[in-house]
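A.B. asks: Can you keep this structure in mind? I'll have questions shortly.
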Amino acid sequence: MQSNQLIGLIKFFRNEEFLDKLVNGTFYCTPPEVYRLDEQKGISDKFESCNFSYRKSRKDDEIILHINDRRITEHTSLTVRNKADKDSWMHCWFSLRLPQNEKSLDQLKLDIVRMKREFGELFAFIPAPSIAGFLDLIEELSPLPMVCDEVEYSADKSHWGSLCKSIDYSYQREFRLLFGECNTHETEFLVFSDPNKFSNIILKNPELKIKNKDNSITWLEI
């Protein structure tokens, strides 16, 4: 394998029941507003899929708008996004790539430890050779059009959107599936399932190790 080559996709879980549902072909896709309102570390992102958001319900500091020199207050919510961007239901995975050097290996270890702490020790895994088939099946199964890509991370807020997040979330190494377009304040999950097609694609808690060429040293174990 070459450095930075994709090994597979991982999705971490704290609840084994939810993991089993995924392995058995049930997919829960989350609207951005759920993450904007959540307060759990790692899950919460006030600026999910947007440049800026204000929610009175979060007890955010009050904002004041000036439109044509008119001062406007008493807002309950405000969402600012790039012109071409939109809210979509999301299904997210951790992209596992072969480290390029010892420094990137150490960072990968730290990122996985943090992911397990924030999302759970249990996990589903899709090996790289199965990803294309997985995406084809999802596209057939989804009631809405799908796009997917690895998320980029930036310190520049003007870049943030559905496929770019704050650099603070770079440890999540997201591969993101986006479905259709949802209302800005949507909080209902998009759910679809097929119990017959994914059992050989999505693996439950497999033994994952990265070793040297002669298998004498284990560099990483998940």
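A.B. asks: Across region 64-101, what is the number of residues that are of a type outside the set (A, V, I, L, M), modelled with pLDDT of 75 or more and within 30 Å of E188 (Cβ to Cβ)?
C.D. replies: Final tally of qualifying residues: 16.
A.B. asks: Consider I63 carefully, then state whether it is surrounded by 10 or more Cβ atoms within 10 Å (Cβ to Cβ) and among the aliphatic types (A, V, I, L, M).
C.D. replies: Answer is yes for this residue.
A.B. asks: Okay, moving on. For region 56-93, give me each residue that is in contact (Cβ under 8 Å) with a residue 40 or more places away in the chain and touching a helix residue (DSSP H, G or I) at 6+ places or on another chain (Cβ under 6 Å).
C.D. replies: Answer for region 56-93, where residues must be in contact (Cβ under 8 Å) with a residue 40 or more places away in the chain and touching a helix residue (DSSP H, G or I) at 6+ places or on another chain (Cβ under 6 Å): just D87.
A.B. asks: Hey, another quick one. Show the residue pairs meeting these rules: Cβ distance below 7 Å; 6+ apart or different chains; first residue within region 20-46 and free of Cβ contacts under 8 Å to residues at least 40 places away in the same chain; second residue crowded, with 18+ Cβ neighbours inside 10 Å.
C.D. replies: These pairs meet every condition: Y35/D45; Y35/E48; R36/D45; R36/E48; R36/S53; S44/Y35; K46/R36; K46/S53.
A.B. asks: If you don't mind, another one. Where residues in region 199-222 are at pLDDT 80 or above and out of contact with any strand residue (DSSP E or B) (no Cβ under 9 Å at 6 or more places or on another chain), which of them is farthest from N24 (Cα to Cα)?
C.D. replies: The qualifying residue farthest from N24 (Cα to Cα) is N200.
A.B. asks: Does at least one position in region 129-144 carry a residue that is of a type outside the set (D, E), closer than 30 Å to R55 by Cα and under 19 Å from the mean Cα position of the chain (by Cα)?
C.D. replies: yes
A.B. asks: Okay, next question. Among the residues of region 200-219, is there at least one that is closer than 21 Å to S88 by Cβ and either among the β-branched types (V, I, T) or out of contact with any helix residue (DSSP H, G or I) (no Cβ under 9 Å at 6 or more places or on another chain) (or both)? I'd like the intermediate steps shown before the answer.
C.D. replies: From region 200-219, those closer than 21 Å to S88 by Cβ are none; that's our starting set.
There is no residue in region 200-219 that is closer than 21 Å to S88 by Cβ and either among the β-branched types (V, I, T) or out of contact with any helix residue (DSSP H, G or I) (no Cβ under 9 Å at 6 or more places or on another chain) (or both).
A.B. asks: Considering each of S53, S49 in turn, give the residue that is in contact (Cβ under 8 Å) with a residue 24 or more places away in the chain, of a type in the set (G, A, S), assigned to a strand (DSSP E or B) and in contact with a helix residue (DSSP H, G or I) (Cβ under 6 Å, 6 or more places away or on another chain).
C.D. replies: Unique residue meeting the criteria: S53.
A.B. asks: Got a number for residues in region 158-178 being in contact with a helix residue (DSSP H, G or I) (Cβ under 9 Å, 6 or more places away or on another chain) and either more than 17 Å from F47 (Cβ to Cβ) or at pLDDT below 95 (or both)? Full working, then the answer.
C.D. replies: Pass one, region 158-178, residues in contact with a helix residue (DSSP H, G or I) (Cβ under 9 Å, 6 or more places away or on another chain): 162, 165-166, 170-173, 175, 177.
Adding the requirement that they be either more than 17 Å from F47 (Cβ to Cβ) or at pLDDT below 95 (or both) leaves 173, 175, 177.
Of the residues in that region, 3 qualify.
A.B. asks: Can you run down the residue pairs with Cβ atoms below 6 Å, 6 or more apart or on separate chains, where the first is in region 197-222 and touching a residue at least 12 places away in the same chain (Cβ under 8 Å) and on the phi < 0 side of the Ramachandran plot and the partner is surrounded by 12 or more Cβ atoms within 10 Å (Cβ to Cβ) and polar (S, T, N, Q)?
C.D. replies: From residues that are touching a residue at least 12 places away in the same chain (Cβ under 8 Å) and on the phi < 0 side of the Ramachandran plot, the pairs are I201/S130.
The values are calculated or read from the model by the stated rules, or taken from the named source; none is laboratory data. Predicted, not measured: the structure shown is a model, and the values here were computed from it. In this analysis, Cβ positions are derived from the backbone assuming ideal geometry, glycine residues included, and neighbour counts consider all displayed protein chains.
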